[in-house]
Structure formats: C-alpha cells, structure tokens
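Following: one structure in structure tokens, then a few remarks.
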Amino acid sequence: MSTWSTKAPVVRVSAPVRVDRSGATGPTKGQAEGPLWRRTSSGFYVPAHVSDELVEQRIVEQGSRLREGAVTGWAALRLLRGGYFDGLASDGRTSLPVQVAANGDRLRSEDGLAVHRVEIDEEDVVIRYGVRCAAPERALFDAVRWSEDLVERVTAIDMAAAAEISSPARLRAFALAHRGTRGRMLVLEALSWASERAESPQEVRLRMIWRRRFSATRPEVNRVILDDAGRRLGKPDLVDPDLEMGAEFDGAEHRARARHRRDVRRLDDFLRAGLEIAVFVGADLDDEDLVVDRLQATRARAGRVPRRWKLAPPGRSLDERLDERDRMIAFHETSPGHTTYL
C-alpha cells in the first residue's frame with residue numbers, strides 16, 4: 001500500500017565536515033582516507049554509516065558546498081517538506097541531480113549535482129537543514145521552469161500547494177515580478193492549468209486529460225458533495241456541476257478491503273443522488289483514449305437520476321491559510337525572548 005504523503009516528515013541528517021588536523025571537528029587526514037568516513041564532495045566527509053539514500057541527506061551533502069549559491073528547484077522544495085519531491089525521475093528509480101543556483105559559486109555540474117549559472121537574491125534564501133535553500137516561491141519558480149513538460153510543471157505547482165509550501169497566486173506574483181527571466185512564460189502557462197486543491201499527482205494528470213480532451217471548462221477539484229438534506233456524500237477528485245458528473249483516481253491505498261467497501265458505498269450514494277462518477281485505477285491514465293471514452297460514457301449516463309446533491313462551501317483558501325501562518329511566524333519572531341535557530 002502506498003505511504004506517500006503530501007508533506008514530507010522532518011528527518012535527521014548528518015552535515016558534512018572538513019578534515020580537521022586535530023580531529024575535533026572532523027576527521028584527520030588519515031581518518032578521512034580510512035573506512036570509517038565517506039567522502040561526499042571535495043573536502044567534505046560524513047561518517048561511513050550515513051547513507052545518502054535518504055533524499056534530504058543527499059541534498060544536504062551537495063548543499064554544504066555552497067557559499068553564495070543555494071539549493072533550489074525540486075531539492076529546495078523537498079527541504080521545505082514537499083512530499084512529492086522525492087528526488088526520483090518519473091520512472092520512480094532514477095535519481096535526479098540536486099539543483100543549485102550557483103550565484104557566483106565556482107561549481108560544475110557532475111554526477112548528482114546540476115549547477116545552474118543563475119543569480120539568487122539574498123532575500124530569496126532561507127536556511128533549511130543547515131544549508132542555503134531557495135525560499136518557497138523562488139524554489140517553485142525554478143522547479144517549474146526547469147521541468148521537461150507541461151504535466152510535470154503543473155504537477156510541481158499543485159503538489160507544492162498540497163504541501164502548503166506556496167500557492168498558485170503567490171507563484172504568479174513572483175513570476176510577474178521577474179520579467180525577462182528565462183522560463184517565465186513556461187511558469188505562467190503552467191499556472192493556467194494549476195489548482196490549489198489537488199491532493200495527488202495522478203489527480204493532476206486526470207484533470208489535464210479532462211480539460212485537454214474532454215471538456216474545456218474547469219472542473220471543481222476535491223469539493224465535498226452534500227445531499228439535499230446536507231449529509232456529506234464524499235469528495236470526488238473532480239466534479240462538474242453543469243455536467244452532473246465527476247471523476248476520480250483510485251490509487252493503491254483504495255485496494256484494502258475496508259477502504260474498497262467504503263468506496264463502493266460512497267459511489268452508490270453519489271449515484272442515488274444523481275451524480276455519475278468515472279473511476280480510474282492503475283495504468284488507466286497512460287491510455288488517454290480510454291480515459292476520454294470512459295468520461296464520455298459517464299457523461300451519457302448523467303442526468304438520468306433526479307439531482308439531489310450540491311457542493312459544500314469550499315472553506316478557506318490556501319492563500320488565507322498561508323497568510324495566517326506567515327502572521328503567526330512573524331508574531332513569534334518578534335516576541336520578546338524569541339531566538340531563531342538556523
């Protein structure tokens with residue numbers, strides 16, 4: 001069963017250290033050449049038992065080399081606790097190189113490190129896990145403009161929103177303020193497809209197929225459905241009130257017997273209330289024709305049962321939640337006796 005979460009946990013990492021002649025703050029030269037230490041980059045070492053299989057450790061090992069630059073892109077979003085940004089390519093196996101904005105640091109791209117010769121303003125740098133890290137909007141801006149295709153770009157925006165790192169509105173403001181920056185138009189294009197309410201990468205793919213090949217109108221994303229008595233029926237991934245239909249992707253977690261039983265009951269409740277739902281699983285999304293055919297069949301069935309459902313109020317927006325969080329952080333940082341540990 002999948003254990004993927006929108007927000008990554010805080011983990012323990014080991015900061016690389018330099019060789020120390022006395023052995024007090026790092027290994028001596030002789031110790032560094034022995035089996036008890038592992039070289040992470042030129043002049044930096046960690047104890048040999050520390051594995052770089054933990055993505056945060058891998059990022060910190062590269063980030064420790066930076067003096068003026070900063071970790072950015074997907075790697076910064078991971079340090080900012082974005083669960084989706086696991087450092088793996090779309091095949092789920094290939095490790096992505098850690099992206100850094102050099103900002104004058106004399107580094108070259110190499111295995112595990114992608115050096116971008118770009119500047120980064122100091123106001124766009126924060127400290128995470130002891131290394132210089134791009135702030136949310138700059139990190140997301142870079143991740144989006146350096147992604148290979150539109151689906152990846154939109155997914156990055158949506159999953160940063162799901163982790164409450166940043167919002168589409170904040171990213172748009174950042175992009176508009178950086179005219180002339182390479183890749184800016186790619187970011188703005190992706191924003192036209194983005195949603196702050198997505199909860200999984202597969203939902204994003206399904207929504208994009210819906211909009212590109214089925215219906216140009218924007219479906220509602222993860223909205224709670226109520227019956228005419230106000231009872232909660234469920235929360236489909238996508239729903240279009242005008243078409244009286246919705247769609248959802250059922251991942252591996254839906255295969256457990258108890259979860260499957262609840263899903264069947266929920267779908268039956270939707271049908272009885274007059275809401276048709278198209279369900280997709282596994283590799284369905286790899287076959288866009290299949291997806292479109294199923295959506296069209298669902299649309300053909302819609303409207304046969306009298307409508308007895310409505311959308312629940314959407315609740316607070318992501319920007320409202322982020323603004324409140326920023327106010328709380330500012331309050332605590334200006335409180336008497338507050339100390340910031342970086």
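The values are calculated or read from the model by the stated rules, or taken from the named source; none is laboratory data. These numbers come from a predicted model, not from an experiment. Backbone-built Cβ (ideal geometry, glycine too); neighbour counts: all protein chains shown.
Per the listing VAL125, VAL118, the residue uniquely at pLDDT 95 or above, surrounded by fewer than 19 Cβ atoms within 10 Å (Cβ to Cβ) and hydrophobic (A, V, I, L, M, F, W, C) is VAL118.
Can you spot a residue in the stretch 181-198 that is within 17 Å of SER317 (Cβ to Cβ) and not in a loop (DSSP other than H, G, I, E, B)? Give the derivation first.
Pass one, the stretch 181-198, residues within 17 Å of SER317 (Cβ to Cβ): 191, 194-198.
Restricting the remaining residues to those that are not in a loop (DSSP other than H, G, I, E, B) gives 191.
So far as the stretch 181-198 goes, yes, one or more of its residues are within 17 Å of SER317 (Cβ to Cβ) and not in a loop (DSSP other than H, G, I, E, B).
Looking across ARG172, ARG205, ARG231, ARG223, one residue alone is within 17 Å of the chain's Cα centre (by Cα) and outside the structural domain of ARG138 (by TED's automatic domain parsing). It is ARG205. The set of residues in the stretch 16-59 being closer than 18 Å to ALA101 by Cα and touching a Lys or Arg at 6+ places or on another chain (Cβ under 9 Å) consists of SER41, GLU56, ILE59. Cβ-Cβ distances below 6 Å connect the following pairs, each with a first residue in the stretch 130-154 that is of a type in the set (D, E, K, R), a second residue that is in a helix (DSSP H, G or I) and surrounded by fewer than 23 Cβ atoms within 10 Å (Cβ to Cβ), and a separation of six or more residues or different chains: GLU137/ARG170; GLU137/PHE174; ARG138/ASP124; ARG145/LEU186. Within the stretch 175-200, take every residue that is surrounded by fewer than 21 Cβ atoms within 10 Å (Cβ to Cβ) and under 15 Å from ALA139 (Cβ atoms) and give me the one that is nearest to the chain's Cα centre (by Cα). If we take residues in the stretch 175-200 being surrounded by fewer than 21 Cβ atoms within 10 Å (Cβ to Cβ) and under 15 Å from ALA139 (Cβ atoms), then GLY183 is nearest to the chain's Cα centre (by Cα). Just one residue in the set LEU226, LEU233, LEU206 is in contact with a strand residue (DSSP E or B) (Cβ under 6 Å, 6 or more places away or on another chain), on the phi < 0 side of the Ramachandran plot and assigned to a helix (DSSP H, G or I); that residue is LEU206. Here ARG78 fulfils each of the conditions (1) of a type in the set (Lys, Arg); (2) in contact with a Gly (Cβ under 6 Å, 6 or more places away or on another chain); (3) surrounded by 15 or more Cβ atoms within 10 Å (Cβ to Cβ) apart from (2).
Here is a yes/no grid of residues against (1) within 18 Å of GLU110 (Cβ to Cβ); (2) free of Cβ contacts under 8 Å to residues at least 12 places away in the same chain:
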position: VAL50; (1), (2): no, no
position: GLU53; (1), (2): no, yes
position: GLU56; (1), (2): no, no
position: GLN62; (1), (2): yes, no
position: GLU68; (1), (2): no, no
position: VAL71; (1), (2): yes, no
position: ALA76; (1), (2): no, no
position: ASP86; (1), (2): no, no
position: ASP91; (1), (2): no, yes
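Somewhere in the stretch 39-48, is a residue assigned to a helix (DSSP H, G or I), crowded, with 17+ Cβ neighbours inside 10 Å and either modelled with pLDDT under 95 or of a type in the set (A, V, I, L, M, F, W, C) (or both)?
Applying the first criterion (assigned to a helix (DSSP H, G or I)) to the stretch 39-48 yields none.
No: zero hits.
From the list ARG325, ARG301, ARG316, which one is under 21 Å from the mean Cα position of the chain (by Cα) and touching a residue at least 24 places away in the same chain (Cβ under 8 Å)?
When all the criteria are applied, what remains is ARG325.
Among residues of the stretch 27-43 that are farther than 16 Å from GLY63 by Cβ, those with a Cβ under 7 angstrom from a residue that is among the hydrophobic types (A, V, I, L, M, F, W, C) and surrounded by 15 or more Cβ atoms within 10 Å (Cβ to Cβ), sequence gap 6+ or separate chain, pair up as PRO27/VAL19; PRO27/TRP37; THR28/VAL19; LYS29/VAL19; GLN31/TRP37; ALA32/VAL19; ARG38/VAL46; ARG38/VAL50.
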